[in-house]
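Just so you know, all these numbers are worked out from the coordinates, no wet-lab data involved. Quick caveat: nothing in here was measured; it's all calculated off a predicted structure. Cβ coordinates were reconstructed from backbone atoms using ideal geometry, including for glycine residues, and neighbour counts include every protein chain displayed.
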Amino acid sequence: MKNLSNFYISGQWVNPISEASMPVLNPATEEQIGTVALGNSADVDSAVAAAKSAFDSFSLTSKVDRLALLKALKAVTEKRFEDLAQAMRIEMGAPISMARDAQADAAIGHLIGFIEALETLEERCILSNSDILIREPIGVCGLITPWNWPMNQIALKVIPALATGCTCILKPSEHTPISAMIYAEIIHEAGYPAGVFNLINGLGDTVGSALSRHRDVQMMSFTGSTRAGAAVTQDAAETVKRVTLELGGKSPNLVFADCDLAERVTASVGECMFNTGQSCDAPTRLLVERACYDEVLKIAKRAAEATPVGDPAQAGDHIGPLFDRIQYERVQAMIHKGLAEGATLLAGGPGKPEGCEIGWYVKPTIFADVSNDMAIAQEEIFGPVLVIIPFENEDEAIAIANDTPYGLAAYVQTGSAARAERVSARLRAGAIHVNGGGFNYGSPFGGYKQSGNGREGGSMGLEDYLETKTLHGIT
């Protein structure tokens, strides 16, 4: 934990130029577990200078050499796997079983996906007109990641930068710095040259903004709120750098009467509550065909009331706390807003679950009889809160599903393969999950509309880190 007060720049843990810091809290106990340094623009200048210097040589490395480094990174990540899982349990309240199976697993799963993508990447090819096409690294990349899936988002940004020959500066969430610190140690042990990867902590409006505005940064990759993503884009506009964004969501989940209701509705409630509802692609709007609406309400109520809430240190399939007090208060405010809007409280409600007085725990909550113009149906709550909206037919279901500023994911529950294809084709979202189909490492992830720009993961995840050059007249 000693490195929380330092930044990793040019292959060394160095003292920050800034003197600012903030406490790191365990959301399950509300106790301070460390202190993280918060950088300033001078710290950003130092990290960017290191990355710019390292780019001159690292950008010329061969694909064979970069693959060897990625495989070394995999070996060290596997060795430090439990450290990553325990870090996310402590810093963000991920229950340890889930921290191992999903949060830490992402560090290895995405790495394997990127190794496979790099192996098949054509960095040089001849076009049909005899010109030569070259794909080469874009340059110095600024990477900003959130607190809700710390390693997942770090892996989706850092690994493609390293794979393509870019150099980078990572600014993780200041709320979850421990897992990022461990990952910096992993990269160091894997043998990456000094300056290729750099880590500085800080606030978005200081370090994040300084990175986005910096003239020597060629690309920004940001995951977080739509509001903050717009700020990154505006800051980056003056230097016309590439910007990729993975932002918010209010994902619809369409339940048709021809599916296995008991199985699919129970699983849908579980997926909404997973990670305590703190996932940008969580299926938080359950759109239910009127013909099975009453039955779905009974199933959903049972599922929510059966969702265990408990200590992240204990193994099991329970959900943990929200990541901090501010988020807890936001979620409580949205639950009260749902009541004020006239939605029917089906399960849960305001306050903490019984026996969870310490920590930022929330009752798994469901609102029924919601209309899509209510705030709880339009705004991202980012907590274990599900809203249920009835529909009469397929066309109305699709219209409600698409009536959102977001388009990250959508979910369809149906017993008809033809309907699944037909409905999926009309849903405006970057990923459609049919009957519980989950995301696979190596597939692209990203959204439509205000859910962002670009795709992360696998071969498409490499493209944003590459520039294209054509050579004319060489035979």
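Each listed q (0.10, 0.11, 0.16 Å⁻¹) maps to a log10 I(q)/I(0) for segment 252-428 from the Debye sum over equal C-alpha point scatterers, namely -0.35, -0.43, -0.90.
For the chain, adding -39500 (n - 2.57) for each run of n ≥ 4 DSSP H residues and dividing by the number of residues yields -12000 deg cm²/dmol at 222 nm. Given R0 = 60 Å, the distance between the Cβ atoms of R302 and T475 translates into a calculated FRET efficiency of 0.25.
For the chain, give the share of DSSP beta bridges that are antiparallel, in percent and rounded to the nearest 5; count only bridges with both residues there. Display every interim value, and only then the final one.
Values: 26 of 63 bridges.
Once the DSSP bridges in the chain are tallied, antiparallel ones form about 40 percent.
Cross-link reach is defined here as a Cα-Cα straight distance under 13 Å, omitting same-chain residues fewer than 8 places apart; for K63 the aspartates and glutamates meeting it are E116, E119, E122, E123, E136.
Charging the Cβ of each Asp and Glu at -1 and of each Lys and Arg at +1, and nothing else, the dipole of the chain about its Cα centre rounds to 600 debye.
Highest-first packing order for the peptide set 416-428, 91-103, 215-227 is 91-103, 215-227, 416-428, based on the mean count of other beta carbon atoms within 10 Å. Taking label points 7 Å from Cα along the Cα-to-Cβ direction, L67 and A257 give a separation of 5.5 nm. In terms of the mean number of neighbouring beta-carbon atoms within 10 Å, the peptides 146-157, 350-361, 131-142 order highest first as 146-157, 131-142, 350-361.
Between the Cα long axis of helix 293-305 and the first principal axis of the chain there is an angle of about 60°, rounded to the nearest 10. Per-peptide packing, taken as the mean over residues of other Cβ atoms within 10 Å, places 445-453, 397-405 in the sequence 445-453, 397-405 from highest down. Candidate cross-link partners of K250 among the lysines, defined by an alpha-carbon separation under 18 Å and a same-chain spacing of 8 or more, comprise K337, K449.
By the Cβ-Cβ criterion of under 4.7 Å, the unpaired cysteines of the chain are C125, C166, C259, C272, C280, C292, C356. Would you list, by chain and number, the aspartates and glutamates whose Cα falls below 14 Å from the Cα of K79, excluding same-chain residues fewer than 8 positions away? Answer for K79, where 14 Å is the Cα cut-off: D105, E185, E189, listed by chain and number. Rounded to the nearest 10 degrees, the angle from helix 177-190 to the longest Cα principal axis of the chain is 40 degrees. Hydrodynamic radius of the chain by the Kirkwood approach over all distinct alpha-carbon pairs: 23.0 Å.
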